[in-house]
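I have placed the structure first, in the form of structure tokens, so that the comments after it can refer back to it.
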Amino acid sequence: TGLTTLDNGFGNTAATKSAITYIDGDQGILRYRGYPIEQIAERGSFLETAYLLINGELPNAEQLRTFQHDISQHTLLHEDIKRFYQGFPRDAHPMAMLSSVVSALSTFYQDSHNPFSAEQRYISSVRLLAKLPTIAAYAFKKAQGHPFVYPRNDLGYVENFLRMTFAVPAEDYELNPVVVAALEKLLILHADHEQNCSTSTVRLVGSSQANLFASISAGINALWGPLHGGANQAVLEMLQRIQADGGDVDAFIRKVKNKEDGVRLMGFGHRVYKSFDPRAQIIKAAAHDVLGQLGKADELLDIALKLEQHALTDDYFVSRRLYPNVDFYTGLIYRAMGFPTSMFTVLFALGRLPGWIAHWQEMITDPATKIGRPRQIYTGEVIRDYVPIESR
Ligand code: CMC
């Protein structure tokens, strides 16, 4: 009815006000609650970042202790949840397991169904933050065919996740501090990114007053796609394909430029960043560091560096302002840590969870929030008479 404004993909439409994350795409600036991402990634911890995003301020020592303690008390999954994993096929994608089990949490915690109670919001948030690493590690174990490793609440957040993922019962498992520090940094870098596809999904589902678990489960599914969080898996698969084809970077770039079969340079381009992605810069340095420290030289890193170099000097990419994004180098680090490709997007989800929670909370507590209900420009038939089937 008289609507004329169409904004494909919401490139120029603000869906909400928000005080959580600031991005300046032309200057490559990203700040969580005003703090530059570079400082937080260098000096902060993941749970401190989660607290900051959700509560608006960095915690003091006592507040952080309480937050960490509360999370460490909720890491265990109900035993019945293990049966979900028995039901999934062994080659199920872990993102599908993740979203299904998160959705199912609302059947175990039916007290979560009132998003207007601050107490319920807190306990649901703590449960999710505590349980998502366990859910993710169980998905990994399921694919491996290994027994689940239960969480240990005396360990840090990242340490506990790594142990649940990689430890094998009855065998010693030693945490590698290089891996712990690198994963902590990567989770921080993924923790929020304002109104991206998955966060907008969480807000949209939540705007109908669905519970937190339902809203986050939807966000996980949105993240899964290769144009969003699934790009980290797609990047590694692309590098492997180029390697298998003899490492011919030129030929691949030509394919991308000719848009052959819709091939894109995965891990490149961003809706908002038009000069560089500040996260990618930090991650590129970390990839060199981590692979060096772990002594895991990777031919795929050389291919990635060549691709980047090529793209940054090629008119196709320069004129379209396409630069490496957060997903370009992460996969190489995850691979060096021992994660299979299918787990990469799960790691993105673990990182993004605090951002999703912060946005859900900001949305549900804002009196100005209305149910998200976009409009359309109708392009179909105006009106016609029903035709009985025998006359069609
Ligand atoms: N490779 C080749 N061409 C590209 C790429 C790419 N990676 N990205 C954009 N283009 C081209 C696109 O074909 C279009 O060209 P033309 O004007 O000739 O049709 C132009 O650049 C603009 O692209 P767009 O698709 O309109 O841009 P968008 O803002 O809608 O899409 C994007 C942003 C991130 C989805 C896109 O750049 C892309 O598909 N990148 C590859 C996937 C990827 O790395 N995604 C991760 C994004 S960052 C982290 C996250 O969100 O999870």
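Out of all the residues in the stretch 54-68, is one or more of a type in the set (A, V, I, L, M, F, W, C) and within 26 Å of Leu322 (Cβ to Cβ)? No, the stretch 54-68 contains no residue that is of a type in the set (A, V, I, L, M, F, W, C) and within 26 Å of Leu322 (Cβ to Cβ). Considering each residue of the stretch 320-366, count those that are under 16 Å from the mean Cα position of the chain (by Cα) and not in a loop (DSSP other than H, G, I, E, B), and give that number. Result for the stretch 320-366: 27.
Entry remark, the stretch 221-236: residues being within 9 Å of the ligand (Cβ to nearest atom) and assigned to a helix (DSSP H, G or I) number 5 in total. Residues of the stretch 284-328 that are touching a residue at least 60 places away in the same chain (Cβ under 8 Å) and more than 11 Å from the ligand (Cβ to nearest atom): Ala286, Asp289, Val290, Gln293, Leu294, Leu300, Ile303, Ala304, His310.
Tell me yes or no: at least one residue of the stretch 273-282 is touching a Phe, Trp or Tyr at 6+ places or on another chain (Cβ under 6 Å), surrounded by fewer than 20 Cβ atoms within 10 Å (Cβ to Cβ) and closer than 22 Å to Glu194 by Cα. Yes, the stretch 273-282 contains a residue that is touching a Phe, Trp or Tyr at 6+ places or on another chain (Cβ under 6 Å), surrounded by fewer than 20 Cβ atoms within 10 Å (Cβ to Cβ) and closer than 22 Å to Glu194 by Cα. Checking each residue in the stretch 1-35 for being more than 16 Å from the ligand (Cβ to nearest atom) and farther than 20 Å from His359 by Cβ picks out Thr1, Gly2, Leu3, Thr4, Thr5, Gln27. Here the stretch 164-201 is the region considered, the condition is being under 15 Å from the mean Cα position of the chain (by Cα) and more than 14 Å from the ligand (Cβ to nearest atom), and the residue that is nearest to Gly56 (Cα to Cα) is Ile188.
Output yes when any residue across the stretch 142-161 is buried (at least 21 other Cβ atoms within 10 Å of the Cβ), of a type outside the set (A, V, I, L, M, F, W, C), under 30 Å from Asn12 (Cβ atoms) and in the same structural domain as Leu350 (by TED's automatic domain parsing), and no when none is. Scanning the stretch 142-161, I find no residue that is buried (at least 21 other Cβ atoms within 10 Å of the Cβ), of a type outside the set (A, V, I, L, M, F, W, C), under 30 Å from Asn12 (Cβ atoms) and in the same structural domain as Leu350 (by TED's automatic domain parsing), so the answer is no. The helices (runs of 4 or more DSSP H) found entirely in the stretch 31-113 that carry 3 or more residues being under 24 Å from Tyr150 (Cβ atoms) and assigned by TED's automatic domain parsing to the domain that holds Phe161 are 61-72, 82-87, 94-108.
The values are calculated or read from the model by the stated rules, or taken from the named source; none is laboratory data. Since this is a predicted model, take the numbers as computed values, not measurements. Glycine gets a Cβ as well: all are built from the backbone with ideal geometry, and neighbour counts include every protein chain shown.
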